[in-house]
Structures are given as structure tokens and as C-alpha cells.
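Read-outs: derived from the displayed coordinates by stated rules, not from any lab. Note that the coordinates shown come from a computational prediction; the quantities given were computed from them, not determined experimentally. Heads up, the Cβs are rebuilt from the backbone with ideal geometry, glycines too, and the neighbour counts pull from every protein chain shown.
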Amino acid sequence: MPANVLYISCVLGAIAIYLLLRPRPAALKPVAVILGLGALGWVFRSSSLAAAVDRPNLFFYIFSLIAIASAVRMITHRKPVYAALYFVMVVLSSAALFLLLEAEFMAFAMIIVYAGAILITYLFVLMLAHQAPQPGEDESQPDYDVIPREPAAAVAVGFIMLALLTDTIFQGVPQMRPPPSPQQLQAESWQIVNLLPDRIERSARREIDGFESFANSDPSVRMVGDTAYIDVIMTGSPQVVTVEAPLSALPENVERVGLALVAEFPVSLELAGVILLMAMYGAVIFARRQSEISETAS
Amino acid sequence: MTTLSLSHFLLTSAIIFVIGLIGFVTRRNMIVMFLCTELMFQAAAIAMIAFGHYHGDVSGQVFVIFILTVAAAEAALALGLVVLLFRRRATLSAEAWSELGEA
């Protein structure tokens, strides 16, 4: 990845965003769109780095384009309600990116919590604060929604920061520790399965014909090389048989996240609960109408 | 087309983050400014999950759950504040409140 490509496309993108932010010359908007798309495409095309994760990449390009385009539209749209709806688009397409990254739980939690709960709150407040147009004049936008504040300075600062960030990414990522191999990942997953004896028993009952019980009272998976084995007793014979552990016992994404949440980060989980409780108190206090409390009253 | 790497996701995340930053500075509507901070949270979440996937670790996703918590708390408090301010001045312009005092 030559640094020049990065800097030139940052400048092109900055010009595009600046033109899109300004309300006045509407003729320049298509030019800005083409400029921005060109810069984006160029950066992604020339960033052919050492591949670490092989994924069906067409979906990545589609959803990342939708996310970036909706984000741009969100900050350039005059009407706040449309800005909120474009943010829903950003959330949905980034949830799709999470699916590509095998984070199913977070993808759906994102849609439910962000698009479902937080955005609805934003829309409610926007509707509450909507001023009805005066009789005689048509639906006009308030001044503060139409004219951006210091677009040139903001775009300059933002894209200098983007150049810095992307430069760091492209220099830093090749120096990172190489990712663990699929075998290592599977071995790690078997370690997690050992914490969940019920789970392995359930899938052993389902998948192994004639399964009677485990040889030890505490069923655990033994790793021999890259393969996992369990000691079981079959129906009708007292001998201990060693069989390959069924792959369906491996934990799924939701289970791994849940286990990490309660086993590795229990204090943070409690703290998150406290934060939510405090936010609830704060919101109740803000929302209440101010009532006069006189000090002389008994 | 090239195969995907961690950098692709980080690049998307960085671009969305910077767009959110520009939006926060240029927009003058208080609610849209808060929406732009949510955009930055979203970008951070993409970066976290991409790193987590690269290392085969679920800690990235646990972090995103906490980001979600903070975002929800922030949205509740910020919107409560905005409603309170709107009741006093009947405008959503951030500049109406450039001097915080008794009004």
C-alpha cells in the first residue's frame, strides 16, 4: 500500500465531503459523489495486504459501501429525522459486517438495541421537538439545520486524522502477532467445553449410539494432537471405550460470549448494571417537571 | 478482488469514525450531534469485533456489549437533557446554549 494513494484519496474524500456539506451549489453534488466513491474504491483496491481472514468478500464491499454512504448522507441530510433513519441503515449494514466476522450474537443485539430501542428514543425526541410551520409559510427548515458550522475546518481536521489513522493501520497490521490457526482455535474451544460438562453429555447422548455414561464422574475432553477424545461406557458392556468427541459439543458464538461475560468479566458486568441504573435515575430526574419546594414549609 | 483482511474492516471503521467526527463538529442541531457520537460508537464496535475475530477471542464482543450499555445510558441522559433544554428555549440549536447560565 503506497502512502501516496492513501494521502491522495484522503484529500479527494475531504473535498467530496466538503462539497456535500455545503448547502449552496447543488450542481456540484454529483461531482462530489463520484469523487468520494472514486477515492473509496481506490483505497480499497490498492489495500491488497496479506490476507488474514478469508471471507466471501463481495458482501463485505456491499455492506461497507452502504454503511459509509449512509453515514455520509446522515451528516449531510438537512432533516434530522432522515439523519436518524440513515443511521438505522448504518447500524443494519454494520450488523451485516458483524455476521461476516462470525459475531452473530452482537449482530442481532446491535439491531435490537440500536435500531430498535435507542433510535426509537431519538425519533421520539425529534418528533417532540418538531416545530410546526407558521401559517402562511411552507415547511421551512430552521437555520441551524441548513447551514453547517465551519465545514472546511472540520473536514480538514477529520481527514488529517483519517490519514493518520489509516497510515497507522497499514503500517501496524502487518507487524501484528499472526492469528491462531483453525486447529489452535478448535483446541481452545475444547478447553471451554470442559467447563460445560452438561453440554458434552447432551451431545454425546445424541450423537454416540449406545452411550451409557462417562467413564469418570467428571467428563472431560482429552486432547491427543488436534483431535479430542472422551472416555465413555457403552450400554451392555462394562469396558471403558475411548471415542472421538462429537463436534456438536463445541460452543457456539452466543455461548462463548455468555461464558466470557460471566466467567471472565463478572465485575464489569455488575458495573454495567450500575451504569444503567444511574442513567435511569438521571433520566427520571431530568424528565420530571420542576416543582417548587419552599424552604419555609414544614 | 482481493481477499479480505483485518485492515479492510479497520479501514471501514476508521472512515465511519471520521465521518461521525466531522458530523459532530459541523452539525448545529443538538440531537444530530448526539447521533454522530452514536456513529462513532458504531465504528469503534466494528474495530473491536474485527480485532476479536482476528485473534479468535470473544473479548472483543464482550467489549461491544459494554459499548452498547454506555451508548444506551448516554442516549437516555442526553435526550433527557435535550428535552429539558428545548423546553426552556424552544430551539434545538447548540449555539443557543453557548453560554451556560441561568436563562
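The phi torsions of the range A:70-78, fed into the Karplus equation with coefficients 6.51, -1.76 and 1.60 and a -60° offset, translate into couplings of 5, 5, 5, 5, 5, 7, 9, 6, 6 Hz, rounded to whole numbers, with Gly and Pro shown as x.
At R0 = 35 Å, how high is the FRET efficiency between A:Lys29 and A:Leu195 if r is their beta carbon distance? Nearest 0.05 is fine.
Working: r = 56 Å, r/R0 = 1.61.
E between A:Lys29 and A:Leu195, to the nearest 0.05, is 0.05.
Between 0 and 90 degrees, the angle of helix B:59-89 with respect to the longest Cα principal axis of chain B falls at about 10 degrees.
Given R₀ = 56 Å, what would the calculated FRET efficiency be for A:Ala117 paired with A:Asp231, taking r from the Cβ atoms and rounding to 0.05? It would help to have the intermediate numbers written out before the result.
Working: r = 48 Å, r/R0 = 0.85.
E(calc), rounded to 0.05, equals 0.70.
In a fully extended conformation the segment linking A:Ala156 and A:Arg205 would gain 11.4 nm over its present Cα-Cα distance, using 0.36 nm per residue.
Sorting the segments A:278-286, B:27-35 by their residues' average number of neighbouring beta-carbon atoms within 10 angstrom, most packed first, yields B:27-35, A:278-286.
Taking neighbour counts of Cβ atoms within 10 Å as a proxy for exposure, in what order, fewest first, do B:His53, A:His130, B:His8 appear?
On the way: B:His53 23, A:His130 11, B:His8 26.
Going from least to most buried by this count: A:His130, B:His53, B:His8.
Axis of helix B:6-26 versus longest Cα principal axis of chain B: the two differ by about 10°, to the nearest ten degrees. Compared with the dominant Cα axis of chain A, that is its longest principal axis, helix A:80-100 is turned about 20°. Can you list the residues of the range A:183-200 with backbone N under 18 Å from a point 7 Å past the Cα of A:Leu269, pointing along Cα to Cβ? In the range A:183-200, the label zone of A:Leu269 (backbone N under 18 Å from the point 7 Å along Cα→Cβ) covers A:192-199.
First check a/c for the range A:123-235, with a ≥ b ≥ c the square roots of the eigenvalues of its C-alpha gyration tensor; if it is under 1.5, answer rounded, and if not, answer prolate when a/b is larger than b/c or oblate otherwise. Because a/c hits 1.5 or more and a/b fails to exceed b/c, the range A:123-235 counts as oblate.
Cα centroids of the range A:208-279 and the range B:51-102: 38 Å apart. Distance between the 7 Å Cα→Cβ label points at A:Arg222 and A:Gln141: 7.1 nm.
In terms of surrounding Cβ atoms within a 10 Å radius of their Cβ, A:Asp167, A:Asp145, A:Asp209 rank from fewest to most as A:Asp209, A:Asp167, A:Asp145. When each of A:Thr235, A:Thr76, A:Thr242, B:Thr91 is scored by the number of other beta-carbon atoms lying within 10 Å, the sequence from fewest to most is A:Thr235, A:Thr242, B:Thr91, A:Thr76. Here, the protein assembly as shown has an Rg and a Dmax of 26.1, 93 Å when only alpha carbons are counted. The range B:7-81 gives an Rg/Rh value of 1.04, both radii derived from C-alpha positions and Rh following Kirkwood.
Is there a simple number for the mean count of other chain Cβ atoms within 10 Å of the Cβ of residues in A:174-183, and what is it? Present the calculation step by step, with values, prior to reporting the outcome.
On the way: counts 3, 0, 4, 2, 1, 5, 4, 1, 1, 0.
Per-residue shielding by partner chains comes out at 2.
Could you work out the mean count of beta carbons from other protein chains within 10 Å of each residue's beta carbon in B:82-88?
Numbers: counts 6, 7, 5, 2, 4, 4, 0.
The shielding value for this peptide is 4.
Looking at chain A, identify the longest residue range that excludes and avoids all trypsin sites (Lys or Arg not before Pro) in DSSP loops having at most 12 other Cβ atoms within 10 Å. Spell out each step's value before the answer.
On the way: sites that count: A:Arg288, A:Arg289.
Excluding the exposed sites themselves, the longest stretch runs over A:1-287.
Could you compute the FRET efficiency for B:Ser98 and A:Leu65, with r as their C-beta to C-beta distance and R0 at 41 Å, rounded to 0.05?
Numbers: r = 38 Å, r/R0 = 0.92.
Using R0 = 41 Å, I get an efficiency of 0.65.
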